[in-house]
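Right, one structure below, let's go through it.
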Amino acid sequence: MDESTHQNPKRIKDSSERRWEDLPVNCLVAIFLRLGLDDMTLSIPFVCKFWHEASLDPTCWKVLDFRVNNPSQGSSFSERFKHEYHVNNYTFRGFLKFVANRSHRLATKMILPVGRLPISDMAYICKE
C-alpha cells in the first residue's frame, strides 16, 4: 500500500498547525513596532524565546515614547519591572540605559513625560 495515500490523521493535524517560530522575524518586528515601551519591556520578552529574540531587534526600539506609562520610581510600572527583571532598585536613569542598550543607539525619536525628568536625566539623554 502506498503510504502517501494513507497518512496518519494526527500527522496531518500537526503539519497544519501554525507556529510563531514559522513567522518571519521581520513580520514579528513589524508587529512589535506598534507596541509601547510597557509591552516591549514587560510582556513581549517573556512570551517565548522566539518573541524575546525578535524583541531585541533594534528596529523595535527606534521610537521611545515614555508618556504611555509612568516610568518613575515607585510607579506600578517600576514595581513590575523590578519583579520581571529581578532587580532590587529601579531608577528612571537605569530604565533609560536599558532602552538605550536595546536600541543600540539607533533610536530616532524619544518622547518624554512632561515635567517628570530631572536635569541630570535630560543631560544623559542628550549624551546618548
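What number of residues within the range 35-74 are more than 8 Å from the chain's Cα centre (by Cα) and among the β-branched types (Val, Ile, Thr)?
So the answer is 4.
Can you tell me which residues in the range 33-50 are in a helix (DSSP H, G or I), surrounded by fewer than 18 Cβ atoms within 10 Å (Cβ to Cβ) and not acidic (Asp, Glu)?
Answer for the range 33-50, where residues must be in a helix (DSSP H, G or I), surrounded by fewer than 18 Cβ atoms within 10 Å (Cβ to Cβ) and not acidic (Asp, Glu): Leu42, Phe46, Lys49, Phe50.
Across the range 60-93, what is the number of residues that are buried (at least 16 other Cβ atoms within 10 Å of the Cβ), hydrophobic (A, V, I, L, M, F, W, C) and modelled with pLDDT of 90 or more?
Of the residues in the range 60-93, 3 are buried (at least 16 other Cβ atoms within 10 Å of the Cβ), hydrophobic (A, V, I, L, M, F, W, C) and modelled with pLDDT of 90 or more.
Can you tell me which residues in the range 19-32 are part of a helix (DSSP H, G or I) and farther than 19 Å from Asn69 by Cα? So that I can check it myself, show each step before the final result.
Our first condition is that a residue be part of a helix (DSSP H, G or I); within the range 19-32, this holds for 20-22, 25-32.
Trp20, Glu21, Asp22, Val25, Asn26, Cys27, Leu28, Val29, Ala30, Ile31 - these are the residues of the range 19-32 that are part of a helix (DSSP H, G or I) and farther than 19 Å from Asn69 by Cα.
Report, by residue number, each residue of the range 52-70 that is within 21 Å of Leu28 (Cα to Cα) and out of contact with any helix residue (DSSP H, G or I) (no Cβ under 9 Å at 6 or more places or on another chain). First the steps, then the outcome.
Step one: list which residues in the range 52-70 are within 21 Å of Leu28 (Cα to Cα), which gives 52-65.
Correct list: Val63 only.
With respect to Leu96, is the statement that it is out of contact with any strand residue (DSSP E or B) (no Cβ under 7 Å at 6 or more places or on another chain), of a type outside the set (Ser, Thr, Tyr) and modelled with pLDDT under 90 true? Even if it seems obvious, please write down each step before you answer.
Working: out of contact with any strand residue (DSSP E or B) (no Cβ under 7 Å at 6 or more places or on another chain): yes; of a type outside the set (Ser, Thr, Tyr): yes; modelled with pLDDT under 90: yes.
So Leu96 fits the description; yes.
Output the residues belonging to the range 56-86 that are assigned to a loop (DSSP other than H, G, I, E, B) and hydrophobic (A, V, I, L, M, F, W, C).
Initial filter on the range 56-86 (assigned to a loop (DSSP other than H, G, I, E, B)): 56-57, 62, 66-75, 86.
Of everything in the range 56-86, those that are assigned to a loop (DSSP other than H, G, I, E, B) and hydrophobic (A, V, I, L, M, F, W, C) turn out to be Leu56, Phe66, Val68.
The values are calculated or read from the model by the stated rules, or taken from the named source; none is laboratory data. What you see is a predicted model, and the numbers here were worked out from it, not measured in a lab. So basically every Cβ, Gly included, is an ideal-geometry build from the backbone, and we count neighbours across all protein chains shown.
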